[in-house]
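Working notes, structure below.
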Amino acid sequence: MSVRLLYALVLALMACVAPNMAHAQALALRWLGADGQVIAQKTLTLAELDTLPQTRIETGTPWTKGVNTFTGPSLGVLAALGGRPVREAKVMALNDYVAPIPAEDWKDHGAILTTRLDGATMRVRDKGPFWVMYPIDSDPALGQQYFQSRMVWQVKSIDFIAQ
């Protein structure tokens, strides 16, 4: 097989797979008991996340230029889907980075799971498909490293720990 033919086959395969990958954005959610046992779980597609109540945050970040608009469901809305009181969310990124986020962060500080940045879905290379965001500009404390470490991008799953 010639190199040109092999190259053409690889390009053709990529053209078939790439469009499907854009629509494969999904978020795995689990609710765990205090003992770590799975109580409930579900996977939500981007379209399903879009049907949930949306929160809009306009803020600057250390990772973007200027003020941006972040839109998506609050972490509280996602936590409530399990039907149990939740004390913490453990958010996991595609690179397996995990950040614990206490329930106070969505109750008191308005943390959301961003599905749109300035109205557009986010590619993995642009910190997507999902990104935990806080209204940084509304409270100077939210700009501290303490909270920045919780602003997980490239989110793939969230484990909610029940009370």
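Just a yes or no: is a residue in the stretch 102-109 of a type in the set (K, R) and either under 17 Å from L46 (Cα atoms) or under 11 Å from the mean Cα position of the chain (by Cα) (or both)? No: the stretch 102-109 contains no residue that is of a type in the set (K, R) and either under 17 Å from L46 (Cα atoms) or under 11 Å from the mean Cα position of the chain (by Cα) (or both).
Of the residues examined, L113 is one that is touching a helix residue (DSSP H, G or I) at 6+ places or on another chain (Cβ under 8 Å) and under 18 Å from K42 (Cα atoms).
The one condition from (1) under 26 Å from T51 (Cβ atoms); (2) in contact (Cβ under 8 Å) with a residue 12 or more places away in the chain that S138 does not meet is (1).
Please enumerate the residues belonging to the stretch 132-146 that are crowded, with 16+ Cβ neighbours inside 10 Å and closer than 13 Å to N68 by Cα. Don't jump to the end; show me each part of the working.
Pass one, the stretch 132-146, residues crowded, with 16+ Cβ neighbours inside 10 Å: 132-136, 142-143.
Of everything in the stretch 132-146, those that are crowded, with 16+ Cβ neighbours inside 10 Å and closer than 13 Å to N68 by Cα turn out to be M133, Y134, P135, I136.
A quick yes/no check of all residues on (1) surrounded by fewer than 17 Cβ atoms within 10 Å (Cβ to Cβ); (2) in contact with a His (Cβ under 8 Å, 6 or more places away or on another chain); (3) touching a residue at least 40 places away in the same chain (Cβ under 8 Å); (4) of a type in the set (A, V, I, L, M, F, W, C):
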site	(1), (2), (3), (4)
L78	no, no, yes, yes
G83	yes, no, yes, no
D96	yes, no, no, no
K107	yes, no, no, no
P129	no, no, yes, no
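For the stretch 147-163, which positions are in a helix (DSSP H, G or I) and either of a type in the set (V, I, T) or surrounded by fewer than 17 Cβ atoms within 10 Å (Cβ to Cβ) (or both)? If the condition is that a residue be in a helix (DSSP H, G or I) and either of a type in the set (V, I, T) or surrounded by fewer than 17 Cβ atoms within 10 Å (Cβ to Cβ) (or both), then Q148 is the only one that fits. Evaluation of D118 against the conditions (1) without any contact (Cβ under 8 Å) to a residue 60 or more places away in the chain; (2) on the phi < 0 side of the Ramachandran plot; (3) charged (D, E, K, R) shows that the sole unmet condition is (2).
Which residues, counting only those in the stretch 34-56, are under 19 Å from P135 (Cβ atoms) and touching a Ser or Thr at 6+ places or on another chain (Cβ under 7 Å)?
Narrowing the stretch 34-56 to residues under 19 Å from P135 (Cβ atoms): 52-56.
Across the stretch 34-56, the qualifying residues are Q54, T55, R56.
Checking A111 against (1) over 15 Å from P73 (Cα atoms); (2) buried (at least 21 other Cβ atoms within 10 Å of the Cβ): exactly one of these is not met. Which one? The single condition A111 does not satisfy is (1).
Since every read-out is calculated from the coordinates, none of them should be taken as a lab result. This is a predicted model, so every value here is computed, not measured. Quick reminder, even Gly has a Cβ in these numbers, built from the backbone with ideal geometry, and neighbours come from all protein chains shown.
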